[in-house]
Amino acid sequence: MMLSPARLIGWLMLCSLLGFAFLLPLVHHGDPLEQDLLQILHAPSSGHLLGFDHLGRDMMSRLSAALRLSLGLAALCVISAMLVGVLAGVISALYGGWLDRALSMLGDMCLALPGLLLVLLLAAIAPDSPGMLWLGISLVLWVEFFRVTRATLRPVVHAPGMQAAMLLGFSAFYRFRRHLLPALAPVLTTLTLFSFSSAIMAVSALGFISVGVRPPTPELGLMMTELLPFAWEAPWLLMQPVIALFLLLISLNLLMKKERR
């Protein structure tokens, strides 16, 4: 099986962004919070490839830190949502009955409010708390994992192979690994990438309105808000977080393309 050109480009873009976010501090020892007032709005140069922002902070260090924050927080939200959603979906598909109805009702309750509104309500309880940001985004994402897992596994649970494994007394772990996981894995991979993209957009959108993350913490959406007043004076500064977010989302969407057989 070969990677399609789209997925290959997506992997290259994502690996480049990951390298910039996590490997740059090893070779570029700038502090994202350190100010040099003599360098305010200084254009990119050979020593500082991305220039300085309106407070004299090194943009390369800040952009790297912002990507680490967005990627780390989004990954934490997706992993939490996936663990809860897949577990709830497996339980619902296997046992049905009142458990299925209760979990479905819980999922409907989480979908009763728009996702960003739910996060804003939780953020209002504990302002400037990344923990509430993580909880709110996870509550929005777990429902999709639950519904997709439940819908995918229901036919598998009633298939002859699964029924035979139960009658022969195979363990629950064996039945999951042999019958449920192969059916779930392809769908789960695409859903995880989609949820990761949604989480990154949610973190950036909330940062743009200064929810959850406050200055001077570097975050892509928050950086856009800070640099927007200087868009005409130093347009290269505003374009840096915009391009980073664009490339990150494009790479994830390219990875969702089907592979060529």
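The values are calculated or read from the model by the stated rules, or taken from the named source; none is laboratory data. In this text, all values refer to a predicted model and were calculated from it rather than measured experimentally. Note: ideal-geometry Cβ built from the backbone for every residue, glycine included; neighbour counts use all protein chains shown. Remember, those area values only see protein heavy atoms, side chains included, never the ligands or the DNA or RNA. Shrake-Rupley method; radii C 1.70, N 1.55, O 1.52, S 1.80 Å.
Would you point out the residue of the range 117-166, among those that are open to solvent by 70 Å² or more (accessible area, probe 1.4 Å) and among the charged types (D, E, K, R), that is nearest to Met105 (Cα to Cα)?
Arg147
If we keep just the residues of the range 223-255 that are part of a helix (DSSP H, G or I) and not hydrophobic (A, V, I, L, M, F, W, C), which is most open to solvent (accessible area, probe 1.4 Å)?
Per the stated criteria, the residue is Pro229.
Looking at Ala183 and the list (1) more than 25 Å from the chain's Cα centre (by Cα); (2) within 24 Å of Ile79 (Cβ to Cβ); (3) aliphatic (A, V, I, L, M), which single condition is not satisfied?
All conditions are met except number (1).
Just to be sure I understand the filter: pairs with C-beta atoms under 7 Å, separated by 6 or more residues or on different chains, first member in the range 196-211 and surrounded by 23 or more Cβ atoms within 10 Å (Cβ to Cβ), second member outside any helix (DSSP H, G or I) and charged (D, E, K, R). Which pairs pass?
Correct list of pairs: Gly207/Glu219.
Could you figure out which of (1) at pLDDT 90 or above; (2) open to solvent by less than 50 Å² (accessible area, probe 1.4 Å) isn't true of Phe22?
So the condition that Phe22 fails would be (2).
Among what's in the range 85-99 and is touching a helix residue (DSSP H, G or I) at 6+ places or on another chain (Cβ under 8 Å), more than 13 Å from Val148 (Cβ to Cβ) and modelled with pLDDT of 85 or more, pick the residue that is surrounded by the fewest Cβ atoms within 10 Å (Cβ to Cβ).
Filtering first and then ranking leaves Leu99.
Tell me, yes or no, whether the range 26-47 has at least one residue that is modelled with pLDDT of 90 or more and of a type in the set (Ser, Thr, Tyr).
no
Among all residue pairs at least 6 apart or on different chains, which show Cβ distances below 7 Å where the first residue, located in the range 28-48, is within 13 Å of Ala65 (Cα to Cα) and the second is hydroxyl-bearing (Ser, Thr, Tyr) and part of a helix (DSSP H, G or I)?
Within 7 Å, the pairs are His28/Ser61; Gly30/Ser61; Asp31/Ser61; Pro32/Ser61.
Residue by residue through the range 171-180, note down the ones that are open to solvent by 60 Å² or more (accessible area, probe 1.4 Å), over 28 Å from the mean Cα position of the chain (by Cα) and not polar (S, T, N, Q).
Of everything in the range 171-180, those that are open to solvent by 60 Å² or more (accessible area, probe 1.4 Å), over 28 Å from the mean Cα position of the chain (by Cα) and not polar (S, T, N, Q) turn out to be Ala172, Phe173, Tyr174, Arg178.
What number of residues within the range 37-80 are in a helix (DSSP H, G or I) and small (Gly, Ala, Ser)?
Taking the range 37-80 as the starting set, the residues that turn out to be in a helix (DSSP H, G or I) are 37-39, 59-80.
Then keep just the ones that are small (Gly, Ala, Ser); that gives 61, 64-66, 70, 72, 74-75, 80.
Of the residues in the range 37-80, 9 are in a helix (DSSP H, G or I) and small (Gly, Ala, Ser).
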